[in-house]
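The numbers here are math on the coordinates, done by the rules we state, and not lab data. Small disclaimer: the values here were computed from a predicted structure and weren't measured. Cβ: placed from backbone, ideal geometry, glycine included. Neighbour counts: every protein chain shown.
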Amino acid sequence: MTDAPPPPDMDGERPAAAEARSAEERPTWRSALTAGKAAGGRVRRPLARILSLAWVPLTASFLSLILSIAAIYLSTQQPEVLLVVPDQIRIAQGRQSDSAFVYLQPAFVSTGKNERVEVIRDMTLRVESPGGDPAQFRWTEQVRLVGDAESNGLSYEYAGDAVPLLVSARSASSPVCLFDAPDGWFFGAGTYSFTLSAARVVAGDPLEARFAVTIAAEDIVFLDAPGTNRFLAFPIT
């Protein structure tokens, strides 16, 4: 008597055949890993291409924008000028002349970061005496220092009118200026306070520098001696 074949499963297949079929239909871990790598490679290649190329023009455009904004900002800033006074001033007077006058050589130096040019339109020198009213000295001309053969010393001669001065980042200005006192005003012995004021064209606020000068009684005797106008150099404090 022979054994009866095993009963079929619910789908009409034998258990062994069903297991074999199920094993064939299920993906193995190796095939899943291979498929994942292939899919990841397909995704990474376009992404890497985007990350490696797209940021270059964007970054260049952004940097150009920043540089343009910085250049516009610097170009629109007002020029910065520094007023520097020398370490001495020369004073001249004589009773045969109408008034006293001084020689002063201020320097105007640009300290800004742009190429804008400043214009020094005019200068005045305010002098406060120890016991009198302040006097306003006018800038009347530019002079230059020359040798005086007769006195074996120094003298001044006319070099130009009191014209506006140009000050830029490439060019400073330091003329020797003659300032004339009001008619009938003369120095006496004592300590005087000076305020040099330079009016500007581009910037609104004037440049100012303050200093003091002490004149002794014997200096006044020398300056007021008969003859041509004499001058003496005094240290600035």
extent check for segment 85-166: Cα max minus min per principal axis, descending, whole Å, gives 48, 38, 24
Karplus 3J(HN,Hα) series, Hz, for segment 110-127 with 6.51 cos²θ - 1.76 cosθ + 1.60 (x for Gly, Pro)
7, 10, x, 9, 10, 9, 5, 9, 9, 10, 8, 6, 7, 9, 9, 10, 8, 10
If r is the Cβ-Cβ distance from SER129 to ASP205 and R0 is 22 Å, what FRET efficiency results, to the nearest 0.05?
0.25
Tell me the net charge near VAL84. Cut-off is 15 Å between Cβ atoms, VAL84 excluded, with +1 for each Lys or Arg and -1 for each Asp or Glu.
-3
Residue separation times 0.36 nm, minus the C-alpha to C-alpha distance between ALA172 and ALA189: what's the value?
2.6 nm
For segment 82-237, count all C-alpha to C-alpha pairs, find those more than 28 Å apart, and express that count as a whole percent of the total.
22 percent
In nanometres, what is the gap between the two model label sites at ALA225 and LEU154, each 7 Å from Cα along Cα-to-Cβ?
1.8 nm
Low-density loop trypsin sites (Lys or Arg not before Pro), segment 132-237, at most 14 other Cβ within 10 Å, DSSP non-H/G/I/E/B, are ARG170
Once Lys and Arg are counted +1 and Asp and Glu -1 for all other residues with Cβ under 15 Å from that of ASP183, the total becomes -1
Calculated FRET efficiency, ASP98 and SER197, Cβ-Cβ r, R0 22 Å, to nearest 0.05?
0.40
